[in-house]
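Remarks on the structure that follows.
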Amino acid sequence: MALTDDKNIVDINLDGVTRQRFRINGDPNSIIELNLSDMSISERLESGMEKLEAEMSKISQLGEDENLSEKFKEADAHMREYVDYIFDYPVSAVCAKNGTMYDPINGMFRYEIIIDGLTKLYTEKLNDEYRKLRNRIQKHTDKYTKKPSRSTKRK
């Protein structure tokens, strides 16, 4: 077994390509990590929401003759999987430690509160990044599109 010589390794710094850490409800033991620059979030959100709504539809159609306890457990597990898929991180274990994803809270289901709260972070970050991108591009294009000053008069 040959040892790798560190002299042949080139280090690359990609610090900007990391996830941001967020503390949930001020609890130091409730940390999630999200990549707020993830442009695929919209595709996963659309797909995940369809699955979550289908799961809620199944719950609403459960009959008394079914094993409700088991069906509710399955629904919660599926919904947690879909929420985690949306954010590409196991957020459900942190954001819904107690209760289920379909618990009604202040007129919304728990999964809706989680998704609403976290997607706002993406919206703010992406708007900020687009603004930075526009400003950077503007700086480069300004030098080619500057209008002549009015001080130069024709004779």
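The values are calculated or read from the model by the stated rules, or taken from the named source; none is laboratory data. Given the structure is predicted, the values throughout are model-derived calculations rather than measurements. Glycine also receives a Cβ, built like all others from the backbone with ideal geometry; neighbour counts cover every protein chain displayed.
Details
- Residues that are at pLDDT 95 or above and small (G, A, S), drawn from the range 98-115: G107
- Residue ranges of helices (runs of 4 or more DSSP H) in the range 1-97 with at least 3 members at pLDDT 90 or above, among the hydroxyl-bearing types (S, T, Y) and exposed (fewer than 14 other Cβ atoms within 10 Å of the Cβ): 41-60
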